[in-house]
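Novice: Mind having a look at this structure? Questions to follow.
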Amino acid sequence: MKVAIASDHGGVNIREEMKHLMEEMGIEYEDFGCECGVSFDYPDYALPVAEKVASGEFDKGILICGTGIGMSISANKVKGIRCALVHDVFSAKATRQHNDSNILAMGERVIGPGLAREIAKTWLETEFEGGRHANRIGKIKTYEDL
Ligand code: RB5
């Protein structure tokens, strides 16, 4: 599995935590920024990561900003992306099982690094259930192809 990771200035600390987690889990990843200390626009980081996941260059993405909202709104504009904004472990599991989400967004001003780690670990380890959920995702894909 290859994971693309990025944050704006509001998510730098959890981004670092995610990199440690990838190393601990033995998962290949690439860090697409941002650099510390300056104010950055979240779409400049969300859209390239979303495109890399949509193209298949990366299997999954993790995006962090202050709230996670800007990152998730931006990433979900890219065709084929199902970005889930998650701040609890239950939703992390459910969005993989039911939505086959391919990008996880979190907000560093909402949760701490310990919970972010548990959320990301659960999200990365949980498989899509398919079945009726695949039909529902198929309806999203049909709409995207209109
Ligand atoms: C940056 O101040 C903040 O707006 C951003 O990190 C994010 O929360 C936007 O949704």
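The values are calculated or read from the model by the stated rules, or taken from the named source; none is laboratory data. Since the structure is predicted, the reported quantities are computational estimates derived from the model, not experimental observations. Note that each Cβ is placed from the backbone with ideal geometry, even for glycine, and that neighbours are counted across all protein chains shown.
Novice: Is it true that GLU129 is closer than 30 Å to ASP145 by Cβ, assigned to a loop (DSSP other than H, G, I, E, B) and out of contact with any helix residue (DSSP H, G or I) (no Cβ under 7 Å at 6 or more places or on another chain)?
Specialist: No, not satisfied.
Novice: Check off (1) surrounded by 15 or more Cβ atoms within 10 Å (Cβ to Cβ); (2) away from the ligand (no atom under 16 Å from the Cβ) for PHE32 and give me the number that stays unchecked.
Specialist: (2)
Novice: Within 15 Å of the ligand (Cβ to nearest atom) and out of contact with any Lys or Arg (no Cβ under 9 Å at 6 or more places or on another chain): does that describe SER55? Don't jump to the end; show me each part of the working.
Specialist: On the way: within 15 Å of the ligand (Cβ to nearest atom): no; out of contact with any Lys or Arg (no Cβ under 9 Å at 6 or more places or on another chain): yes.
No; evaluated as a whole, the condition is false for this residue.
Novice: Exactly one of (1) more than 12 Å from the chain's Cα centre (by Cα); (2) β-branched (Val, Ile, Thr); (3) within 16 Å of the ligand (Cβ to nearest atom) is unmet by ILE64. Its number?
Specialist: So ILE64 meets the others, but not (1).
Novice: Still on this structure, I have one more. With the requirement that a residue be modelled with pLDDT of 95 or more, assigned to a loop (DSSP other than H, G, I, E, B) and of a type in the set (Gly, Ala, Ser), what does region 37-88 give you?
Specialist: SER55, GLY56, GLY66, GLY68, GLY80
Novice: Check LEU104, LEU47 and return the single one that is touching a residue at least 12 places away in the same chain (Cβ under 8 Å), closer than 19 Å to LYS19 by Cα and surrounded by 17 or more Cβ atoms within 10 Å (Cβ to Cβ).
Specialist: Details: LEU47 fails: closer than 19 Å to LYS19 by Cα.
Answer to the selection: LEU104.
Novice: Just the residues that are under 14 Å from ALA6 (Cα atoms), of a type in the set (A, V, I, L, M, F, W, C) and within 13 Å of the ligand (Cβ to nearest atom), please, taken from region 35-52.
Specialist: Hits for region 35-52 are PHE40, ALA46.
Novice: Which one is nearest to LYS19 (Cα to Cα), of the residues in region 50-83 that are crowded, with 24+ Cβ neighbours inside 10 Å and touching a Ser or Thr at 6+ places or on another chain (Cβ under 6 Å)?
Specialist: ILE64
Novice: Would you check if there is a residue in region 7-25 being over 22 Å from ARG109 (Cα atoms), under 13 Å from the mean Cα position of the chain (by Cα), surrounded by 15 or more Cβ atoms within 10 Å (Cβ to Cβ) and touching a residue at least 40 places away in the same chain (Cβ under 8 Å)? Reasoning before the result, please.
Specialist: Narrowing region 7-25 to residues over 22 Å from ARG109 (Cα atoms): 23-25.
After this cut, where a residue has to be under 13 Å from the mean Cα position of the chain (by Cα) as well, the list is none.
So far as region 7-25 goes, no, none of its residues is over 22 Å from ARG109 (Cα atoms), under 13 Å from the mean Cα position of the chain (by Cα), surrounded by 15 or more Cβ atoms within 10 Å (Cβ to Cβ) and touching a residue at least 40 places away in the same chain (Cβ under 8 Å).
Novice: From the set of residues in region 89-115 that are assigned to a helix (DSSP H, G or I) and of a type in the set (Ser, Thr, Tyr), which is farthest from the chain's Cα centre (by Cα)? Explain how you work it out, then say what you get.
Specialist: Filtering region 89-115 down to residues assigned to a helix (DSSP H, G or I) leaves 89-99, 113-115.
Of the ones still in play, those that are also of a type in the set (Ser, Thr, Tyr) are 91, 95.
Working: SER91: 13, THR95: 11 Å.
Ranking the candidates gives SER91 first.
Novice: Within region 67-104, how many residues are more than 16 Å from the ligand (Cβ to nearest atom) and touching a Cys at 6+ places or on another chain (Cβ under 6 Å)?
Specialist: Of all residues in region 67-104, those more than 16 Å from the ligand (Cβ to nearest atom) come to 78-82, 88-102.
Those still in the list that are touching a Cys at 6+ places or on another chain (Cβ under 6 Å) too: none.
Adding up the residues that qualify gives 0.
Novice: Go through region 87-146 and report how many residues are among the aliphatic types (A, V, I, L, M) and farther than 19 Å from TYR29 by Cβ. Don't jump to the end; show me each part of the working.
Specialist: Looking only at region 87-146, we keep the residues that are among the aliphatic types (A, V, I, L, M), and these are 89, 92, 94, 103-106, 110-111, 115-116, 119-120, 124, 134, 137, 140, 146.
Then keep just the ones that are farther than 19 Å from TYR29 by Cβ; that gives 89, 94, 110-111, 115, 134, 137, 140, 146.
Of the residues in region 87-146, 9 are among the aliphatic types (A, V, I, L, M) and farther than 19 Å from TYR29 by Cβ.
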